[in-house]
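Inspection log for the structure reproduced underneath, given as structure tokens.
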Amino acid sequence: MKYYKIIISSLIIYILACFSTYFSMQEHSNQISSSCLNCSYNKDVILFSTYISLIFIILILLKKAWKKNWNISIYFTAIFLIGVFFNNYQIFLDRVSAWSTYTLSEELLSVLASSFIYLTISATLVFITLKLSKF
């Protein structure tokens, strides 16, 4: 039953990461990626969101291996926020910033402005999911 909770939680986290990344950077979906001219926006979103789910599974396995009783919902919510923000930043770099001149602060502010609402909603849902799953 424990593995069932891990699989369901990781699927929910994957869906939330896809949701947050897709809608945050949707305005740049029609622009061409500079790193891969044939890559679609959906492929980038799916690939980056898979990494977030894998990090969750690794954290659960580390918690079991170390037999520590730490609150994974707080730690993973912070990691989720950082990871999804990095995903959004990477998409912004590939699709917008690489084709024009942006400073680092302009890039970060643009990504934060585009993704703040979706990151807040997704992080709250991740935290609630992990609390309800009792991780």
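General observations
- Members of the stretch 50-62 that are free of Cβ contacts under 8 Å to residues at least 40 places away in the same chain and either aliphatic (A, V, I, L, M) or closer than 21 Å to residue 131 by Cα (or both): 52, 54, 55, 58, 59, 61, 62
- Tally, over the stretch 85-107, of residues that are among the hydrophobic types (A, V, I, L, M, F, W, C), farther than 19 Å from residue 17 by Cβ and touching a residue at least 12 places away in the same chain (Cβ under 8 Å): 3
- Taking the stretch 116-132 as the range and being closer than 19 Å to residue 5 by Cα, at pLDDT 90 or above and out of contact with any helix residue (DSSP H, G or I) (no Cβ under 8 Å at 6 or more places or on another chain) as the test, the residues that pass are 124, 128.
- Checked against the criterion of being surrounded by 18 or more Cβ atoms within 10 Å (Cβ to Cβ), part of a helix (DSSP H, G or I), of a type outside the set (A, V, I, L, M, F, W, C) and more than 12 Å from the chain's Cα centre (by Cα), the candidates 33, 9, 53 yield just one match: 9.
- Odd one out for residue 110 among (1) of a type in the set (S, T, N, Q); (2) without any contact (Cβ under 8 Å) to a residue 24 or more places away in the chain; (3) closer than 21 Å to residue 131 by Cβ; (4) surrounded by 11 or more Cβ atoms within 10 Å (Cβ to Cβ): (3)
The values are calculated or read from the model by the stated rules, or taken from the named source; none is laboratory data. Everything quoted here is computed from the prediction, not taken from an experiment. Backbone-built Cβ (ideal geometry, glycine too); neighbour counts: all protein chains shown.
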